[in-house]
Amino acid sequence: MFGQGTSGEGCDAEDLRLPGVQEDLLVELTATGTPVVVVVVSGRPYALGEVHGRAAALVQAFMPGEEGGAAIAGVLSGRVQPTGKLPVQIPRGPGGQPGTYLRTPSPGD
């Protein structure tokens, strides 16, 4: 994940598509007709616009740490109902760059 991977210093990406064949896997899984819950555990936001339209649910967990598995299970089971807001945006398309609530809107926004 770090260094040669998808997170950390010096791991810039040309676009924000899911790495490798993960998007192909999601296409195949959602084509089965069975509801699919997508859990993305990553250190960066990915363009999930295509996934959003096909998945039954989408959970983004930014490097949740050693208790992350239990926290994600709590959300998926309904035991926990998170209400927090993140200061980031998940881009819809792979060329979009995420922003934060701290940036000044540009004229095209």
query = From the set of residues in the stretch 42-70 that are farther than 19 Å from Pro87 by Cβ and among the aliphatic types (A, V, I, L, M), which is modelled with the highest pLDDT?
reply = Ala70
Filtered residues of the stretch 71-104 (kept if modelled with pLDDT of 90 or more and among the small types (Gly, Ala, Ser)) = Ala71, Ala73, Gly74, Ser77, Gly78
message = Checking the structure you have, find out if any residue of the stretch 46-63 is free of Cβ contacts under 8 Å to residues at least 12 places away in the same chain and either within 16 Å of Pro91 (Cβ to Cβ) or out of contact with any helix residue (DSSP H, G or I) (no Cβ under 6 Å at 6 or more places or on another chain) (or both).
response = yes
task = Residues being surrounded by 13 or more Cβ atoms within 10 Å (Cβ to Cβ) and among the acidic types (Asp, Glu): count how many of those fall in the stretch 37-78.
result = 1
note = Given the conditions (1) closer than 20 Å to Leu16 by Cβ; (2) more than 11 Å from the chain's Cα centre (by Cα); (3) modelled with pLDDT under 70, every one holds for Pro107 apart from (1)
message = Looking only at residues that are among the small types (Gly, Ala, Ser) and at pLDDT 90 or above in the stretch 19-41, which one is farthest from the chain's Cα centre (by Cα)?
response = Gly33
query = Does any residue of the stretch 79-88 turn out to be within 12 Å of the chain's Cα centre (by Cα), within 25 Å of Glu14 (Cβ to Cβ) and surrounded by 15 or more Cβ atoms within 10 Å (Cβ to Cβ)?
reply = no
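The values are calculated or read from the model by the stated rules, or taken from the named source; none is laboratory data. Owing to the predicted nature of the structure, the values given are computational and were not obtained by experimental measurement. FYI the Cβ positions are ideal-geometry reconstructions off the backbone, even for glycines, and counts take in every protein chain you see.
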